[in-house]
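Below is one structure, written out as structure tokens; comments come after it.
No lab work stands behind these numbers, since they all come straight from the coordinates. Source: prediction; values computed, not measured. No Cβ is skipped: glycine too gets one built from the backbone with ideal geometry, and neighbour counts run over all protein chains shown.
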Amino acid sequence: MGIYSTIGYNLDEVTNSLYNGKSGIVFDQSRKDLGFRSALTGSIKRPKLKGVLSRRMRVGLPEQGEYAYIATMEALNNAGIDEDFLDKNEVGILYGNDSSSTAVIEAADIVREKKNTTLIGSASIFQSMNSTITMNLSVILKLKGINFTISGACASGSHSIGLGYTMIKQGLQDRIICGGAQEINALSMCNFDALNAFSVREESPEQASRPFDRDRDGLVPSGGAATVIIESYEAAKKRGAPILGEIIGYGFSSNGEHISVPNVEGPVRSLENALKDANLRPEEIDYLNAHATSTPVGDLNEAKAIYEVFNKGRIPVSSTKGMTGHEMWMGGASEIIYSMLMAQNSFIAPNINFTNPDEYSGKLNIITETKKSKIDTFISNSFGFGGTNSSLVVRML
């Protein structure tokens, strides 16, 4: 695993933040200056890649591509996979990404102002395409396996892992780099702000993201990147890989209704399909990492779905988005890592800022303080615009 997050720039930092319920949310004055309704955002520094990558490799990487490179290198290092191994073996990449705004907007600005497309520069196209991460990393790492991008809105990172799992189960690949990344710049968030989707609790940024809380008023945008290396068991054992856990279930569904308002039936099907694929009963799951973004309707309907599937909501639940904000295309992958880190260290991270339950969240077993707990098997939800749903089940080894 590897991660570059608003709550830490590596696995150790992130584990510490999860345990202590540390928020990565800040007030960004530049967004107010641009006319944003909400200036809240996750805070993350751009990595310095000069001296790490050649200029030719750097210029094609957009912001989220830089995050993905750092997360992927940590994951490869922890997996014991080096440049020589990548050169001699067929390794694929499936990565979740559903926007690359800055390069597109800046190119359009240049054309409108200068009336000369040659001033855009040759690297712009490689930064602006949705496939920018898989495109760049496959070249930087000289990958020889499957290579494409999953665009599934806020379920992109989760679907990338699910599709990687499916391909490996079918014997099409032995190992795949999977994950999700999200740009955090203001230009990528202005149209979300226009939807009134963001919290405006600007006087207390760290308390703004309030999953499941009665007083939630919207999500807080965030970003970064998260990478997991998945392999067939046989291939991992053969090379002596440090195996962390096993993906045993992937459930998915489409709501088939409103483009931005989730329902209950879709998430229920996704959860039930994941449990069926894993051949597990609901009571055999030790922890659920909820999608819960801190939006009024989204959290309500997910709470209903969890209550319906998991024996009237008895399963321990928390949404790490209280700390991280909504990492969007990255979230489905990062929340697998957050859950893995909890399981490795025998605790459940708190659903911070949950002080007043509503009619539906009050029926769930939401963990509000860090809790020592043995986690053998967990499930993670990710839902997205257009009604796309993904649920992953992972068992520790």
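Taking a temperature of 37 °C and a viscosity of 0.692 mPa s, what whole-number D in µm²/s does Stokes-Einstein yield for the chain with Rh from Kirkwood over alpha carbon pairs? Taking Rh from Cα pairs, D becomes 157 µm²/s. Between ASP84 and LYS238, what is the FRET efficiency for a Förster distance of 22 Å, r being their Cβ-Cβ separation, to the nearest 0.05? Once the sixth-power term is evaluated, E becomes 0.85. Neighbours of VAL297 by Cβ distance under 11 Å: Lys/Arg scored +1, Asp/Glu scored -1, total 0. For the stretch 2-238, the alpha carbon positions stretch 54, 51, 33 Å along the principal axes, listed from largest to smallest. Compared with the alpha-carbon gap, the fully stretched path from LYS142 to GLN170 is longer by 7.7 nm at 0.36 nm per residue. Spin-label model, SER204 to LYS48: label points 7 Å out along the Cα-to-beta-carbon direction sit 3.7 nm apart.
ILE125 sits among other residues whose Cβ lies under 15 Å from its own Cβ, and their net charge, with Lys and Arg +1 and Asp and Glu -1, is 0.
Packing, taken as the mean count of other beta carbons within 10 Å per residue, orders the peptides 321-327, 17-23 from highest to lowest as 321-327, 17-23. In this structure, LEU187 and ASP12 have a Cβ-Cβ separation that, at R0 = 56 Å, corresponds to a calculated FRET efficiency of about 0.95. Cut-off under 18 Å on the C-alpha distance; same-chain residues fewer than 8 positions from LYS363 excluded. Which lysines are left, in chain and number order? List returned: LYS304, LYS312. Span-like helix criteria (full DSSP H runs; alpha carbon extent of at least 15 Å along the helix axis; mean Kyte-Doolittle hydropathy of at least -1.0) are satisfied in the chain by 63-79, 101-114, 156-169, 265-278, 296-309, 331-344. A simple spin-label model places pseudo-atoms 7 Å from Cα toward Cβ; at LYS114 and ILE248 they are separated by 5.7 nm. Site pair GLU283 and LYS371 shows an inter-label distance of 1.7 nm when each label is modelled 7 Å from Cα along Cα→Cβ.
Computed over neighbours whose Cβ is under 13 Å from that of PHE378, the net charge equals -3, Lys and Arg +1, Asp and Glu -1.
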